[in-house]
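Any read-out appearing in this document is the output of simple, stated calculations on the displayed coordinates, not a laboratory observation. In this text the structure is predicted, and so the values were computed from the model without any measurement. In this analysis, Cβ positions are derived from the backbone assuming ideal geometry, glycine residues included, and neighbour counts consider all displayed protein chains.
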Amino acid sequence: MVRKERLFYYATDEEIKQGDTADIYLFRTKEILERKGLAEKRVVVEVTTGELAGGVPWGVLCGVGEVARLLEGVPVNVYCMREGTIFHARDHNGIRAPVIVIEGAFSKFVLYDTSMLGLICQASGIATRTARIRKVIGHDKLLLSFGIRRMHPAIAPLIDYAAYIGTADGVSGVAGGRLIGIEPSGTIPHTLVLLFYDAFGSQVDAWKAFDEIMPPEVPRVALCDTLYDEKIESLMAAESLGKRLSMVRLDTIGSRRGNMPDIVREVRRELDIRGYNHVQIMVSGGLNEESVKELAHLADGFGIGTYISNSPTTDFSFDIVEIEGKPITKRGKVSGKKQLFRCMNCYVDLAVSFNESPTCPVCNGKMEPLLLPLIKNGKVVGKLSTPRETREYVYKQLEKIAL
Ligand SMILES: [Zn+2]
């Protein structure tokens with residue numbers, strides 16, 4: 001028998017495109033506008049945020065490709081920052097900085113308010129946190145996203161994608177890896193170590209079985225904290241796999257943690273004096289920006305879980321700033337259609353009207369527009385970069401900004 005009901009609680013592509021994921025008040029607004037002859041009123045809507053979660057100074061915009069697919073076929077013009085652009089909540093003068101501008105008859109796109117914000121708020125939050133971790137650890141360290149198990153599986157690919165855009169080197173999810181176009185990354189779970197210890201009396205058998213069965217391109221990373229001290233298990237792994245061991249992973253549970261930087265220092269020293277300098281050290285388990293700071297110069301790899309997958313959203317909002325060419329907006333917002341210009345030397349932004357050509361208030365240099373045509377009358381006209389290109393773009397920008 002074919003089951004008609006859905007097994008899991010998520011909206012399909014069709015439901016999202018037809019507005020089923022919209023708040024009901026948007027349907028009511030659309031109906032009232034249509035019945036009262038205001039359906040064709042042309043407006044300009046700005047998407048901005050007043051402040052970034054945690055008060056951090058910048059974010060990474062993520063979700064532009066999905067916004068393009070959401071609004072494709074809707075009779076609107078959309079100007080948007082490129083996917084992966086580092087943005088500030090406000091410009092040099094404190095004006096909220098638009099990341100997206102939409103123009104068209106309001107009733108034709110009002111239903112997409114909820115879903116469009118949802119597409120960029122969550123993804124940008126994840127990309128932002130991942131990029132901050134990257135900024136802390138530096139460019140040459142391994143950063144893996146491991147946190148999809150703490151979120152609904154329907155959005156696992158989205159979480160992995162956003163973490164990758166935020167410059168994670170790898171992601172744990174199979175579906176996420178497929179979406180991005182990379183091989184997923186993973187090590188060994190504690191469960192495998194326990195089953196081998198139970199069956200054969202040693203955790204070494206688990207690492208050896210992994211080495212025996214996995215194809216050569218899979219890095220040999222031994223999980224070294226399941227039963228004994230990290231230092232002892234790391235040496236056992238190095239002695240059993242020798243040159244083939246690329247990394248040990250220390251996933252030390254909170255109750256045993258004491259001083260994690262000291263544990264990593266000890267493991268490093270014990271490996272080095274026995275000639276296992278090639279064995280790198282990965283840390284994972286409950287890491288956040290603060291704890292990563294303490295470990296950044298000691299460990300070679302970082303597996304970040306919930307801190308990335310459960311990133312706070314970037315609270316973008318959707319506001320009318322112009323109706324039929326006339327500047328108007330609600331209290332607390334600044335009216336008028338605005339382009340966001342950036343000085344690429346200083347990373348200073350100015351939100352001024354589209355036809356201005358401002359110069360940088362800091363260096364007097366040229367400024368470039370960040371809001372580029374994404375959709376023209378329902379047709380996607382913007383270039384959408386591949387995940388790899390977008391990640392490179394984020395990397396380059398991270399070199400120019402402070403944490
Ligand atoms: Zn400048």
(request) Pop a pseudo-label 7 angstrom from the Cα along the beta-carbon direction at both Tyr9 and Asp198 and give the gap in nm to one decimal. (result) 3.2
(request) Would you mind getting me the FRET efficiency between Ile24 and Leu403? Use the beta-carbon distance for r and R0 = 56 Å, nearest 0.05. (result) 0.85
(request) Please list the equivalent ellipsoid semi-axes of the stretch 187-299, computed as the square roots of five times the alpha-carbon gyration tensor eigenvalues, in descending order and whole angstrom. (result) 22, 16, 13
(request) Quote to one decimal, in nm, the extra length available between Asp315 and Glu34 on full extension: 0.36 nm per residue of separation minus the C-alpha distance between them. (result) 98.2 nm
(request) Mind listing the long-range amide H neighbours of Leu223? Cut-off is under 5 Å, sequence gap 5 or more, other chains count too, H placed in the peptide plane at 1.01 Å from N. (result) Ile188, Arg249
(request) Once you've got the GNM for the chain with C-alpha springs shorter than 10 Å, pick whichever of Met214, Met367, Met282 has the biggest mean-square fluctuation. (result) Met214
(request) Would you kindly calculate the translational diffusion coefficient of the chain, applying Stokes-Einstein with the Kirkwood radius from alpha carbon pairs, for 4 °C and a viscosity of 1.567 mPa s, and quote it in µm² s⁻¹ without decimals? (result) 55
(message) Using Cα springs under 10 Å in a Gaussian network model of the chain, which residue among Gly177, Gly84, Gly332 shows the largest mean-square fluctuation?
(response) Gly332
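What 222 nm value per residue comes from the helices of the chain, counting each DSSP H run with n ≥ 4 as -39,500 (n - 2.57) and dividing by all residues, nearest 500 deg cm²/dmol? Write out the running numbers ahead of the final one.
On the way: 14 runs with 141 residues, N = 403.
Theoretical 222 nm ellipticity from helices: -10500 deg cm²/dmol.
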(request) For the stretch 187-299, calculate the relative contact order in percent as a whole number, restricting contacts to Cα pairs under 8 Å that are 6 or more residues apart. (result) 23
(message) Test of understanding: in a Gaussian network model of the chain with alpha carbons linked when under 10 Å, which of Leu374, Leu111, Leu38 would top the mean-square fluctuation ranking?
(response) Leu38
(request) With a point put 7 Å past each Cα toward its Cβ, work out how far Thr386 is from Ile213 in nm, to one decimal. (result) 3.3
(request) List the relative contact order of the chain as a percent without decimals, with contacts defined as Cα pairs under 8 Å and 6+ residues apart. (result) 24
(message) Rounding to the nearest 10 and keeping the result within 0 to 90°, find how far the Cα-based axis of helix 260-273 lies from the longest principal axis of the chain.
(response) 50
(message) For the stretch 1-136, what does the relative contact order come out to in percent, with C-alpha contacts under 8 Å and a separation of six or more?
(response) 35
